[in-house]
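Before any comments, here is the structure.
The values are calculated or read from the model by the stated rules, or taken from the named source; none is laboratory data. Just so it is clear, the structure is predicted and the values come from calculations on it, not from any experiment. Cβ sites come from the backbone with ideal geometry, for glycine too, and all protein chains shown count toward neighbours. Please note that ligands, DNA and RNA were not included when accessible areas were found on the heavy atoms of the full protein model with its side chains. Shrake-Rupley method; radii C 1.70, N 1.55, O 1.52, S 1.80 Å.
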Amino acid sequence: MDEAAAPARRGLRFGTKLVLLLAALVVGLQVAGWLTVRVAVERSISQQLEAQLRVGEKVWARLHEAKLRQLLERVSVLAEDFGFKEAIALQDGPTLESVLESAERRIGAPYGAILAADGTLLAQRLPAGVALPASALQGLVAEARQDGFSAGIVALSGEAVSYALVPVYAPDLVGWLALGRSFGTEEVDELADITGLSPRVVLRDGSGWRTMQGVAMSGADQAALDTGAARLALGGEDDDNPRLALRLSAEHLTPVYLLIGADRQLAMAPYAGLQAQVLALSLAAAVLAMLAAGLVSRRVSGPLGALARAASRIRRGEYGTAVPVEGNDEFATLAEAFNAMQQGIAEREQRIVHQAGHDALTGLPNRERALALLTARLADTRLMQGTLAMVDLRHFHEVNDLLGHGHGDLALVEVANRLRAAVRGEDLVARLGGDEFLVGFWAMDASAAQARFEALARALTAPMEVQGAPLQLEVDLGLVAFARDADGALPDARTLLRRVEIANQLAKREGRGIGLYREGMDEQHLRQLAIVGELRAAIEDGQFSLVYQPKVDLVTRGVRHVEALLRWTHPSLGRIGPDEFIPLAERAGLVGVLTRWVLERAFTDLAAWRAAGFSHGVAINLSAIDLADPELGAAVMDRLRAHGVPPTQVIIEVTESAVLADLDRAVATLKALRAEGLQVSVDDFGTGQSSLGQLKRLPADELKIDKSFVLQLVPGSDDERIVQSIVQLGHALGLKVVAEGLETEAGLEVLSRLRCDVAQGYHFSRPLPLDALLDWLRARAPEQTENHAA
């Protein structure tokens, strides 16, 4: 410095220096206080951001679990469907593809696959351009074998997919059902709405990573994701916005992450004005600055500490304690905002939990919640007995088809309201899915409960009006009563649910509206499942056979035809009667396969006995489903030509009930067969509900009197008068009359006297295999010759 400047500095007054010193000290203290506030704010913001990320992680876990559980429940319901079990047990490709197509419509799952019990792919339905890796699929099946199911997120052809894979039992494991839907946008938006964070889905794309929302990723983030860890905290010194990466896919699958980000600038916004005010006040008054600094320090540290403690409570899932609000300044506003955020998160979490256990349309408990409530009720030692019912709305799909799904939803809500009004507060009402509801009456004996349920059925079938449209529903109720056994035990919830479903199926089959579960139906249900599951294999394995019962002319005592009768000998179940397996084959859609097997076998045997010198024809039974098959006529004629058998030697036997199922179509089918030269016989005549007008329309050649009128036929009995009427009616219509079930000589004498044309039964012969039939015919040949000579 130069010499001239020194005196000026030496001339500075002490007072000025003191003022400057004090001013500098005060300003320094105020600046230090302001810096202290800033550091405290930064620390609080960091804790708050960390708390937000942890809250976001917890909210995501519950939200994701709820959505996966919802998808798993829907897939499980589909896997429990009886028709679906039959289809997968039979490994019928077209039916399985139809099931996947139906699943897409019902639960919005465009990704679907059905696998055999060993994991072999049976059918799949995927969007265009999407491939299903076999290795990934096997891994998911292995996981499901261990845990009983598999649900999560998987990457398919560059898209994230939420899936559920469940086993299908009938009753043993027969396959696996996997359904999935697109994952990403909806879930991310919902999480952002709840938490205010910035989530996005990230997945591996070749050697790099990309987000499904199109947001660029830093090289550091991509390098961190390359480690494949399940949970990663991202964001370093040069990155003020902390992020949390959560792996969504399993370790053996293509990595898919959820990246949750918190915005530091957004969190700092409420504090910006506060810091400016603190600094302005500090510079405005030197003397008051020190007092203000102390006040500000205390005013800042207290609320921020309370906010930090509140953030920790939210991180632990505790939402009951609010942050104290003192005054009406910015800190009070911040505390109020924090309390509002805490309450919003708590309400959203409660709503998510409620939605996971309740039906969104009716507000009733869903299937899983109903099971939990039923389990808890059965665990109550005070409960001694009760009755459970499944309510099924008959043909409800027609309401949706005719009036639209909006009317259908309103009708379901009205049904739910009527169910609520019909039960007591302690009783159970739930919606199992679709048009099925569950009702439980506790501490009520079976007779009282049945009366209540009959009243409930009347309430549900009472007319209603839906948006001006009159509507009257029909219901089927399956009831199962339960009580403590000798050991004081009650059935478990899943057993009761299975039994009430069996009772509901009984109500549907019998058409009486109410079906009651009876002891032994479980075993019968399992036996039916086993029979249905083995029907197709039984055909292929040669377990079926034909036996033939002769039809004898009562004038000449010669054999006119033989009736082909189907038999099934199972290697472990033994002899299974047609009355048992034919209805099951009809429900499983296998009657057509059985009929074609019978045609092939019967025409083969017919050709064999023709080659042996016998000219007797064969009678073959057809069902209502056969008569509705437009390809039946072509199949019959194709097999006749293949074996060189004339159509005139074949009689088609159909029952009255089979014809009346669809009279017009049955008449058209029978006319077409008759035009080809085949004969038509109306079987079991006298037990159906056909009128003379309907009978006149049938292109029939003979009437076959039901065996219930022939088995006990004796002179002078009511059976004789009924048989006489049928014989006279048949002859008046120009038809031959056949009596089946003839077992006595007295019955034969009555039939001959009444001029019945033909008879069959054990009096002549039991049903015989082909070789035994040929021996019987050879042995009878001399007798027929004598009768002709006489």
Legend entry - Projected-area average for the stretch 119-186 over all orientations - Cα convex hull basis, square nanometres: 5.0
Legend entry - Cβ-derived FRET efficiency at R0 60 Å, Ala634 paired with Leu403, nearest 0.05: 0.90
Legend entry - Probe 1.4 Å - accessible area at Ser657, Å² to nearest ten: 80
Inset, instruction - Please give the calculated 222 nm ellipticity per residue for the chain, where each DSSP H segment of at least 4 residues contributes -39500 (n - 2.57) and the sum is spread over every residue; nearest 500 deg cm²/dmol? - result: -17500 deg cm²/dmol
Legend entry - Loop GluC sites (Glu not before Pro), the stretch 391-459, which have at most 11 other Cβ atoms in a 10 Å radius of their Cβ (DSSP): Glu426
Inset, instruction - May I ask you to list, by number, the DSSP H helices of the chain whose Cα span along the axis is at least 24 Å and whose average Kyte-Doolittle hydropathy reaches -0.5 or more? - result: 14-79, 264-284, 286-315, 330-357, 405-422, 521-540, 591-611
Inset, instruction - Work out, step by step, the length gained on full extension between Ser312 and Ala772: first 0.36 nm times the residue separation, then minus their alpha carbon distance; give nm to one decimal. - result: 156.7 nm
Legend entry - Protection proxy ranking of 704-713, 537-546 - average other beta-carbon atoms within 10 Å, highest first: 704-713, 537-546
Legend entry - Relative contact order %, the chain, counting alpha carbon pairs below 8 Å whose residues are six or more apart: 8
Inset, instruction - Work out the FRET efficiency for Thr321 and Glu42 from their Cβ-Cβ distance, taking R0 = 25 Å, and round it to the nearest 0.05. - result: 0.50
Legend entry - Per residue convex hull volume, Cα atoms of the chain, in Å³: 246
Inset, instruction - Could you tell me what percent of the DSSP beta bridges with both partners in the chain are antiparallel, to the nearest 5? - result: 75
Inset, instruction - Pull out the extension gain between Gln472 and Glu65, defined as 0.36 nm times the separation in residues minus the alpha carbon to alpha carbon distance; nm, one decimal. - result: 142.6 nm
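Percent of accessible area on the chain owned by carbon and sulfur, 1.4 Å probe? Mind showing how you got there, number by number?
On the way: 19830 of 37700 Å².
That fraction is 53 percent.
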Inset, instruction - Multiply the residue gap between Ser708 and Asn417 by 0.36 nm, knock off their C-alpha separation, and tell me the result in nm, one decimal place. - result: 99.8 nm
Inset, instruction - Mind ranking 503-513, 40-50 by how tightly packed they are, going by the mean number of other C-beta atoms within 10 angstrom, highest first? - result: 40-50, 503-513
Inset, instruction - Output the antiparallel fraction of DSSP beta bridges having both residues in the stretch 530-666, as a percent to the nearest 5. - result: 60
Legend entry - Cut-off under 5 Å, modelled amide H: who pairs with Val559 long-range: Asp553
Inset, instruction - For Glu745, Glu586, write out the residues from largest to smallest accessible area, computed with a 1.4 angstrom probe and no ligands counted. - result: Glu745, Glu586
Inset, instruction - Could you quote the convex hull projected area for the stretch 708-778, Cα atoms only and averaged over all directions, in nm²? - result: 5.3
Legend entry - Anchor Lys704: lysines whose Cα lies under 24 Å away (excluding residues fewer than 8 positions away in-chain): Lys551, Lys671, Lys696, Lys736
Inset, instruction - Note down the relative contact order for the stretch 624-736 as a percent, whole number, built from C-alpha pairs under 8 angstrom at least six residues apart. - result: 22
Legend entry - Heavy atoms of Asp226: accessible area, 1.4 Å probe, square angstrom to 10: 80
Inset, instruction - Kindly identify the stretch 401-534 as rounded, prolate or oblate by the Cα gyration tensor criterion: order the square roots of the eigenvalues as a ≥ b ≥ c, call it rounded if a/c is under 1.5, otherwise compare a/b with b/c, prolate if a/b is larger, else oblate. - result: oblate
Legend entry - Average accessible area per residue (Å²) across the chain - probe 1.4 Å, nucleic acids and ligands excluded: 48
Legend entry - Accessible-area order (highest first, 1.4 angstrom probe) of the listed residues Leu735, Leu266: Leu266, Leu735
Legend entry - For peptides 717-725, 66-74, sequence by mean Cβ density within 10 Å, most packed first: 66-74, 717-725
Legend entry - Largest-first ordering by accessible area, 1.4 Å probe, given options Asp172, Asp684, Asp626, Asp263: Asp172, Asp263, Asp684, Asp626
